Amino acid sequence: MCDFDDTEIISSYSQQQAIEDGVLVEIIKKSWPKLSGGRPIMATSHLYDNVSLAGLMEIWNEFAQWRREIMPTLPEEEKLFHTKMDGKKVWVIEDQSAFTLYVSGGLLSGYRSP
């Protein structure tokens, strides 16, 4: 059940439109079947532009381990993964259509791992 079932939607922004606009970037696409059961794995363009692919994989691998080992032990309201990079929170949000990596709390300051 959704709290917004009776709410009129006045605008929506699709995942595909966000990709076309460059807001989201599909990452590690060839590995989706193995890593996410085929669901897209994406990063915000800011995160993608400031973190190497190796850094994004570190985030993903940490998330995957958390999802397997920690998430099942948590109450529903605590099942949101985040980690830290350059002092900023990086979230991995899972919904029915994709996994999305994004940074909150301001800009990363040019972090690029090798």
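The numbers here are math on the coordinates, done by the rules we state, and not lab data. Here the structure is a predicted model, which means the values were calculated and not measured. Please note: Cβ atoms are built from the backbone with ideal geometry, for glycine as well, and neighbour counts cover all protein chains shown.
From the helices alone, meaning DSSP H stretches of at least four residues, give me the mean residue ellipticity at 222 nm for the chain, per-run term -39500 (n - 2.57), in deg cm²/dmol to the nearest 500.
Working: 4 runs with 34 residues, N = 114.
Taking each H run of at least 4 residues, the total per residue is -8000 deg cm²/dmol.
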Rank by packing, highest mean first: peptides 30-39, 91-100, with packing defined as the count of other Cβ atoms within 10 Å averaged across residues. 91-100, 30-39
Working out 0.36 nm times the residue gap between residue 31 and residue 45, then minus their Cα-Cα distance, what length gain in nm do you get to one decimal? 3.1 nm
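What do you get for Rg/Rh of the chain when both radii come from the Cα atoms and Rh is the Kirkwood radius? Before the final figure, lay out each step's value.
Details: Rg = 15.1 Å, Rh = 15.4 Å.
Taking Rh as the inverse mean 1/r over Cα pairs, Rg/Rh reads 0.98.
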Aspartates and glutamates within cross-link reach of residue 79: Cα-Cα under 17 Å, excluding same-chain residues under 8 positions apart? 62, 69, 94, 95
P(r) for the range 22-65: what percent of alpha-carbon pairs falls in each 10 Å bin, starting at zero? 28, 59, 13
Starting from the Cα of residue 84, draw a straight line to each of the lysines and keep only those under 19 Å, dropping any in the same chain fewer than 8 residues away. none
